[in-house]
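The values are calculated or read from the model by the stated rules, or taken from the named source; none is laboratory data. Just so we're clear, the structure is a prediction, and the values are computed from it rather than from any experiment. Note that we place each Cβ from the backbone using ideal geometry, even for glycine, and neighbour counts take in every protein chain shown.
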C-alpha cells in the first residue's frame, strides 16, 4: 500500500464515531454532570417565634447522599416513616441537642417532610421519624439515599394528623436554592474545631504550668518560714544560755 493510501485509511479510522447505545450515553452524560456540580440544596427559614433556625433538604436521593456524608453534629434528620420522602434536616445551634427542639420548630419540620412525600402528602395521620445526624448509619450495601440507624432508641416519632397549608406555604415563601460545596463546608468546620481544640489544649497547659509554679512558690515559702522559725529558736536558746552564763559570773564575783 502506498503512503497516501495508508494515510487515507488512518484518517478514516480516526474520524469514525464509536457508536454508544442511547441509554448508556445518556447515563454517562448525567453522571458526568453530577461529577462536575455541587449538590442542589433547598433552604427554608423556620417560624420566627421558634428562633433563628434553618431547615434544608436535597433535590433528590443523590443530594441526600451528600447530606448524609457531610452533615454536622447539630443536624437533626426527618423522614416520613415507612414511606418515600425527602430527607429534611434542621440545623440546631452549637451545643443544642434534639431535646432543645421546640414544638413549633418540630411542627415546621414535620409539615415540610410530609409535603415532600408523594404518598405521605396524600394521607392523614402519618408518622414522621427524626434523629440526630450522628445516628444515621450508611453501609456499602445500601442503595443511594438509603440509611439506617446505629441506635434505634435515639429515633423519635411525631404524628402528623394532616397537611397544614398555612405552614407549608409560609416555609415555601422562604425557600432558597443553593449549590453549596458540602465537603468544603464540613472540612472548614473540622479545621475550626481542630484549631479550637488546640487552643483549649494550649490554655490548659498554660494553666497547669501556672498552677505548678504557684505550688513550687508556696512550697518555697513554707520552707523559708520553717527555716526562719528554726533560726529563731536557735537564737533564743543562745540568748538564754548567754544570760545564764552572765548570771553565774555575777554569782561567782559576789
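Scanning segment 118-128 for residues that are surrounded by fewer than 19 Cβ atoms within 10 Å (Cβ to Cβ) and either touching a residue at least 24 places away in the same chain (Cβ under 8 Å) or in contact with a strand residue (DSSP E or B) (Cβ under 6 Å, 6 or more places away or on another chain) (or both) gives 118, 119, 121, 124, 125, 127. Among the criteria (1) surrounded by 10 or more Cβ atoms within 10 Å (Cβ to Cβ); (2) in a helix (DSSP H, G or I); (3) modelled with pLDDT under 90, the one residue 206 does not fulfil is (3).
Residue count for segment 129-151, restricted to those that are in a loop (DSSP other than H, G, I, E, B) and surrounded by 17 or more Cβ atoms within 10 Å (Cβ to Cβ): 2. When segment 48-67 is filtered for residues that are touching a strand residue (DSSP E or B) at 6+ places or on another chain (Cβ under 6 Å) and touching a residue at least 60 places away in the same chain (Cβ under 8 Å), the ones remaining, listed by number, are 55, 64, 67. Set side by side, the residues 68, 98 differ, and just one is within 17 Å of the chain's Cα centre (by Cα), closer than 17 Å to residue 149 by Cα and at pLDDT below 95, which is 68. Residues that are modelled with pLDDT of 95 or more and assigned to a loop (DSSP other than H, G, I, E, B) were ranked within segment 26-50; the one that is farthest from residue 178 (Cα to Cα) is 47.
I'd like the full set of residues that are surrounded by 14 or more Cβ atoms within 10 Å (Cβ to Cβ) and over 22 Å from residue 114 (Cβ atoms), limited to segment 74-102.
Taking segment 74-102 as the starting set, the residues that turn out to be surrounded by 14 or more Cβ atoms within 10 Å (Cβ to Cβ) are 74-81, 83, 85-92, 96, 98, 101-102.
Within segment 74-102, 74, 96 qualify.
Among the residues of segment 94-107, just one is in a loop (DSSP other than H, G, I, E, B) and touching a residue at least 40 places away in the same chain (Cβ under 8 Å), namely 102. Scanning segment 162-197 for residues that are over 18 Å from the mean Cα position of the chain (by Cα) and under 22 Å from residue 98 (Cβ atoms) yields a count of 2. Just a yes or no: is a residue in segment 161-178 without any contact (Cβ under 8 Å) to a residue 40 or more places away in the chain, out of contact with any helix residue (DSSP H, G or I) (no Cβ under 7 Å at 6 or more places or on another chain), farther than 30 Å from residue 83 by Cβ and in a helix (DSSP H, G or I)? Among the residues of segment 161-178, not one is without any contact (Cβ under 8 Å) to a residue 40 or more places away in the chain, out of contact with any helix residue (DSSP H, G or I) (no Cβ under 7 Å at 6 or more places or on another chain), farther than 30 Å from residue 83 by Cβ and in a helix (DSSP H, G or I), which makes the answer no.
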